[in-house]
Structure formats: structure tokens, C-alpha cells
Amino acid sequence: MNLSDKLLNKEKLNDFIKALKKDFSVLLPVKDGNLIFFKGLKDGIKPCFDYSIASSHPLKSIFLPQREELFRFKIKKNEIEILESSMNDEKRIIIGCRPCEAKGLTIIDKPFLEWQPRDEAYLKRRENTIIISILCPEPEDTCFCTSLGYNLEDGSDILMIELSGCYYLEVLTERGENLVKDLPLAEDKKIKEKEKEILTSKIKRHISINSPIAFDNPLWKEISQKCLGCGICTYLCPTCYCFDIADEKNSRFRCWDSCSFSYFTKMAAHQPRPEQFQRYRNRIMHKFSYFKERFNEFACVGCGRCIRHCPVSMDIMEVIEKSGVRSQESGVKG
Amino acid sequence: MEISEIASELLEKGEVSLIIGYDKKGYPCFIKDKEETKRLVFNEGCFNNLSVYLTRIKEKCAIVAKPCDVKSIIGLIQENQIKREDVVIIGVTCPGLNLKKCLSCDCQNPSFCDYTIGEKIGEKEKMDKFAEIIEFEKKNPRERWNYFKNEFSRCIRCYACRQVCPLCYCETCIVDVSIPQWISKANSSSSNFIFHITRALHLAGRCVGCGECERVCPMNIPLSLLNLKIEKDVFELFDYTPGKDVDLKPPFQTFKKGDYNEFIG
Ligand code: SF4
Ligand code: SF4
Ligand code: SF4
Ligand code: SF4
Ligand code: SF4
């Protein structure tokens, strides 16, 4: 199938979205005070595409909900009866997420879908959800997506670019193409490259992650001294995917967990990282070393949320720059 | 004198081995080296209440404190978490930052400090701190319940509100215990409610209103409103304001004849 870019007149946007509603449940960014949440399209909901801060929940929360029931069970004398939870197999379309968030999903895909066993619930949601991202109107001071070496198109089915009077739709997948079959063709393809260049040129912060992050850098304690061990940086990160499993009443569920927490993995055996600097180091090592070794890319998309929201202003970019130094005596563990 | 001069002297003389202060961006910073003390400043961006670090740091240190931050240092001393002689307090006079709490702040000039930096600031007109909660109390119980239920429903249980609170220093928090599980780890409307009520009540008579919990919440949950209600109740029932006088016993550490005890029945 040939993929061809399309144009969508701004005045037709509402009709376009309404038409999608026939076959899909449509999720759009909606303002709630200063916050932005993805909500289902209903009467009275006004989408906001030019939001200037990243959405308040990372996109992953739609695919890996913070709390998700795995199954229910009944205990009778010596038997346990398992009652399967019904999987949500709704067909969905997300319109208006940031490109870095769509990219973030392709990172979570690796451990969840490439490794065995595959995560069936996650897979189902990925298969059933089409993503139309929108090129950011203005990057934030904390954005550094261009430092991570991925393409802005990664992970999206369609990339929407706002022009005056219309949206340019860069069609990236077949399922994207099917949605926009009837729209007029975009003749001038140079426009999209130009708009992407304009955006990327506005991104002020750059890092080069040339030297590998060093586990035994003697500076780790100093680097992370401020960290309070909350869950903000991991919970808001579009690529962090750790979860815990627990039973309550007759339900087994999983819920987000974070390697920043002092009791992380305690339920399994013990906490192997008793000090906060070890936990903070793990977050950075996982993203920029362990994940890279296994999947050949970084588990960070440069969305800057962890910088923006950290209560004590820890800056992951500064940390990466400082942490590439290996201690002279290698083999230090901690 | 400037903060940096005092800090440099303290390090030089070996009175402390660490300074907890703010850098030019207003971010918390830790200084051990005399040469680095130049980085220390106080400006309108210094939002953090640095006293949260005092229970985490195991060495003798000096801390830069706004007048309102001194209250939580007093709280920590009253609760035997730190010793007065183990911390050097470098107080700064504060004209008010761009935060809601500053509009009703009752202390521009620090007391209880070893050093004071900045010109003395004259009395300012201030808002009644309890005005907001008095207004809120007018709602009926169902309206109040629904308001908080709706607000708490956004909570992602990142516990930043707890981690950033200087008085939330328990090594094991009730929400972290999994055997037995007292409060569900997953966020749901009921477990969020229990977490928040527990957090607020555990700070009754202790919360100094520094507002850090609300400031850092990524979901904009109005935690201060709940804290304020409890602060007001403690004031009305026990005539006590946390963080004011280090020699007073906080109401839940002591007993006075005639204390409110209707709840005992
Ligand atoms: S958000 Fe900041 S304080 Fe919280 S765990 Fe991350 S780095 Fe530490
Ligand atoms: S910038 Fe921070 S929050 Fe964003 S992807 Fe990277 S680590 Fe995660
Ligand atoms: S950084 Fe931590 S929370 Fe995030 S995926 Fe890695 S181990 Fe899990
Ligand atoms: S900081 Fe906000 S979102 Fe996080 S646990 Fe506290 S109230 Fe909930
Ligand atoms: S205002 Fe919040 S952070 Fe400050 S003492 Fe009270 S509960 Fe703790």
C-alpha cells in the first residue's frame, strides 16, 4: 500500500473526529485547570491541541494503566477458581499526543512484546489503538528529544502538523492511511520537513551521551544527594514500566511501582539498593546503560517531565553529563 | 555578611562539614567545599523547604532557612529528630515569594537562628490564613466529601507530598507496609482517600504549613486546604500553633487537664 500525506482543513477537523467516533473511541487532550488529560470524546468536551505543557499523565498510562486487574479468583475449601477478567478490546484512536510520547511506547514494546512471555493485555491495547500525534507548537525549556537520536515520526500512525488554515497529515502506517483515504492529497511535501526543522531548531538543550554511564563513578552519592526518593520521575516518565502485583479481596491486580521507592522489590525478597543514591543510580543506569545493552537504544525520549516536576530540581541532563566517569579502581559494587 | 561568607567560615573552622542551601537558580544545593560556597544565594526562586534534609543527613551541617522553614526545624527539635546543637541555622529575611502561602505569612524576619542575613522587613498587611477554610467549612458534609473525592481521584500516589514534607520522616510509612497491607498500593478512589486522610491526621499539630506538599504535587491536589482545617482545629481545641515555640510541648506529646476529649465519649 502506498502511503500518501494528506491535508485536513481546520474547519473540517470536528467532522473528521466525529466520523472516527463511529468505529473508534476517540481520546483527546482536554484542559483541566492547568493540567492536560486525555479524555474520551463526549458532548461538551473541548479538545486542546496547542497545549504548551506536556500532558499531565504520560501516554503510557493509557496502555499500562496505573491499576489493572489481571484476574479474579474464588477460594473454596482446597480449590481456587480463577475467573478471567475481560480484556478491554475497544478500538481506540488517540489524537494530539506529543511525538516523544508515541516514541516512548515503542520503547516499552521491547520488554513487553519482544521478550517472552509477551504481555497480552498490553499487546491488545497497542494493536487496538491508533496514534495521531501532533508536532509540538513550541518546545518547553526542559525538552531534549533531539539528543536521543530517534525520528519524530517513530511510534505514530499519523503525524499531524498545524499550518495556517489546515493540518498537514504525514501518514506513516497503513492503518493511518485507512483513516484519511478520503482527504485531499498534500502536494508539497517539503512543508513537513521545514516545520520539523523549525521545531527542532527551537530545542535549546542538547547532550551527547558518548561515554557510557559508569556504575562505579565515585560521584554518584554526590550527584544524587538531593533526591528524596519520590515517584514523580518514574511515574511521569513515558518509558518507565515497572509494576507490582498484589491481591486484594478476590482480585489480583498490577499497579505501577518505582525503583526510587525504598521498598521497591521488598515484596519479592529484599531491597537490594538500601540507599537512595543506589536507587537513583539505578534509574539512570537502566535508562542509559542496561536498556541500551539489551535493546540498543536509550529508555528515555527526552520529554523533560522528570526535570520539570522533580521537587528538588534534579536535572537528568546534568546527571548524564557527570556520570560518564568511571572510577579508577573498577569493580566497585554498591 | 553574605550567606557565602558565613558558610565559608563555618567550613573553614570545621564547625560543620556540609552546607545545605540554594544556588542561583533557587535550587537546593549541598556544599562541602569552601571554594564552592560562592554558589550560595537567596532569591525569589528559593521555594524548597530545605529542612526536609535534616533527618536524612547524618553529619553536622548548616542550613539556609526562610523564616517559615525555621518552623519545621523547631518541630524536628521538639520531636527529638535533631538536636539544636547539631545544626547551624542561617536564617534569611524573606519579603515573600510568589506562593499562595506567602500572602498570609506571619513571619518575614527569622528568629531562632544562629545567623540572620538580609535587612529587617517591616510589618506587612496580611491575609487571614484561615479565611479559605472558614469559607470551605460552610459547605455541607456531602459537598465537602465530593470535593475531596474528586480532587483525590487525580492522585497518582507518587508520594512526593510525603517525601518532601520535613515532618513526614517515618522510616516505614503505613502505605509502604505490605504484610499486612493497610492501605492498597494501587490508586483507587477509596485508597487515595484513606492515604490522604491518614497523611493529614498524622500531621495534626505538627504540620507547620510550609506548603511543600501542595507545591510539588504534579496533580495539583489542594493538600493545604486539608492541612489548614487540621491546623485550625488544633488551634481551636488546644490553643497550639506548630513551629512557634521550641519549649512548648505539641498537643499530642502531652496532656493538660481540661483538654478536649469529647471523642473519648
Ligand atoms: S523526582 Fe526528583 S526527588 Fe523524586 S525520585 Fe526523581 S529525582 Fe528523586
Ligand atoms: S526526560 Fe525524564 S521523564 Fe522524559 S523520557 Fe527521559 S527519563 Fe523519562
Ligand atoms: S528506571 Fe526504574 S522504574 Fe523505570 S523502568 Fe527502570 S527500573 Fe523501572
Ligand atoms: S504528590 Fe500529589 S499525586 Fe503525588 S501522592 Fe501526593 S497528592 Fe498524590
Ligand atoms: S505543609 Fe505539607 S509539607 Fe509542609 S509540614 Fe505541612 S504537611 Fe508537611
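The values are calculated or read from the model by the stated rules, or taken from the named source; none is laboratory data. Nothing here was measured: the structure is a model prediction, and the numbers come from that model. FYI the Cβ positions are ideal-geometry reconstructions off the backbone, even for glycines, and counts take in every protein chain you see. The accessibility values were calculated without ligands, DNA or RNA, using every heavy atom of the protein model including side chains. Shrake-Rupley method; radii C 1.70, N 1.55, O 1.52, S 1.80 Å.
If residue B:58 satisfies all but one of (1) loosely packed, with under 14 Cβ neighbours inside 10 Å; (2) over 30 Å from residue B:170 (Cβ atoms), what's the number of the condition it fails?
For residue B:58, the failing item is (2).
Sort out which residues of the range A:196-247 are acidic (Asp, Glu) and surrounded by fewer than 18 Cβ atoms within 10 Å (Cβ to Cβ), and write them in order of number. Reasoning before the result, please.
Quick first cut of the range A:196-247, residues acidic (Asp, Glu) only: A:197, A:216, A:222, A:244, A:247.
Those that are acidic (Asp, Glu) and surrounded by fewer than 18 Cβ atoms within 10 Å (Cβ to Cβ): A:197, A:216, A:222, A:247.
Determine, yes or no, whether residue B:193 is open to solvent by less than 70 Å² (accessible area, probe 1.4 Å) and among the aromatic types (Phe, Trp, Tyr).
When the stated conditions are applied, residue B:193 passes them.
Give me the residue from the range A:229-239 that is part of a loop (DSSP other than H, G, I, E, B) and touching a residue at least 60 places away in the same chain (Cβ under 8 Å) and, out of that set, nearest to the other protein chains (Cβ to nearest Cβ).
A:230
So that you can scan it fast, the table gives a plain yes or no per residue for (1) open to solvent by less than 30 Å² (accessible area, probe 1.4 Å); (2) in contact with a Cys (Cβ under 7 Å, 6 or more places away or on another chain); (3) without any contact (Cβ under 8 Å) to a residue 40 or more places away in the chain; (4) outside any loop (DSSP other than H, G, I, E, B):
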site: B:1; (1), (2), (3), (4): no, no, no, no
site: B:7; (1), (2), (3), (4): yes, no, no, yes
site: B:11; (1), (2), (3), (4): yes, no, yes, yes
site: B:15; (1), (2), (3), (4): no, no, no, no
site: B:24; (1), (2), (3), (4): no, no, yes, no
site: B:29; (1), (2), (3), (4): yes, no, yes, yes
site: B:37; (1), (2), (3), (4): yes, no, yes, yes
site: B:43; (1), (2), (3), (4): no, no, yes, no
site: B:47; (1), (2), (3), (4): no, no, no, no
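Would you check which residues across the range A:39-63 are within 14 Å of another protein chain (Cβ to nearest Cβ) and either loosely packed, with under 12 Cβ neighbours inside 10 Å or of a type in the set (Lys, Arg) (or both) and list them?
A:39, A:60
Of all residues in the range B:90-131, which are closer than 23 Å to residue B:48 by Cβ, in a helix (DSSP H, G or I) and not basic (Lys, Arg)?
B:102, B:103, B:104
For the subset of the range A:248-266 comprising residues that are open to solvent by 20 Å² or more (accessible area, probe 1.4 Å) and closer than 27 Å to residue A:86 by Cα, which member is farthest from the other protein chains (Cβ to nearest Cβ)?
Filtering first and then ranking leaves A:250.
Out of all the residues in the range A:275-296, which are out of contact with any Asp or Glu (no Cβ under 8 Å at 6 or more places or on another chain), touching a residue at least 12 places away in the same chain (Cβ under 8 Å) and not charged (D, E, K, R)?
Passing the criteria: A:276, A:277, A:278, A:280, A:282, A:284, A:285, A:286, A:288, A:289.
Quick one: which of A:69, A:90, A:81 is within 14 Å of chain B (Cβ to nearest Cβ) and of a type in the set (Asp, Glu)? I'd like the intermediate steps shown before the answer.
Working: A:90 fails: within 14 Å of chain B (Cβ to nearest Cβ); A:81 fails: within 14 Å of chain B (Cβ to nearest Cβ).
Of the residues listed, the single one that is within 14 Å of chain B (Cβ to nearest Cβ) and of a type in the set (Asp, Glu) is A:69.
Quick check on the range A:283-297: of everything there that is more than 11 Å from ligand 1 (Cβ to nearest atom), within 21 Å of residue A:314 (Cβ to Cβ) and out of contact with any Pro (no Cβ under 9 Å at 6 or more places or on another chain), which residue is farthest from the other protein chains (Cβ to nearest Cβ)?
The extreme case among them is A:290.
Could you check the range B:147-265 for helices (runs of 4 or more DSSP H) lying wholly inside it with 3 or more residues that are within 16 Å of ligand 1 (Cβ to nearest atom) and either in contact (Cβ under 8 Å) with a residue 40 or more places away in the chain or charged (D, E, K, R) (or both)?
Result: B:160-163, B:212-216.
Going by the structure shown, is residue B:151 at pLDDT 90 or above, within 14 Å of another protein chain (Cβ to nearest Cβ) and away from ligand 3 (no atom under 16 Å from the Cβ)?
Yes; evaluated as a whole, the condition is true for this residue.
Can you name the residue in the range A:298-309 that is away from ligand 3 (no atom under 14 Å from the Cβ) and part of a loop (DSSP other than H, G, I, E, B) and is also farthest from the other protein chains (Cβ to nearest Cβ) among such residues?
My answer is A:302.
Answer yes or no: is there a residue in the range B:85-105 that is within 16 Å of ligand 1 (Cβ to nearest atom) and within 14 Å of chain A (Cβ to nearest Cβ).
Taking every residue of the range B:85-105 in turn, none turns out to be within 16 Å of ligand 1 (Cβ to nearest atom) and within 14 Å of chain A (Cβ to nearest Cβ).
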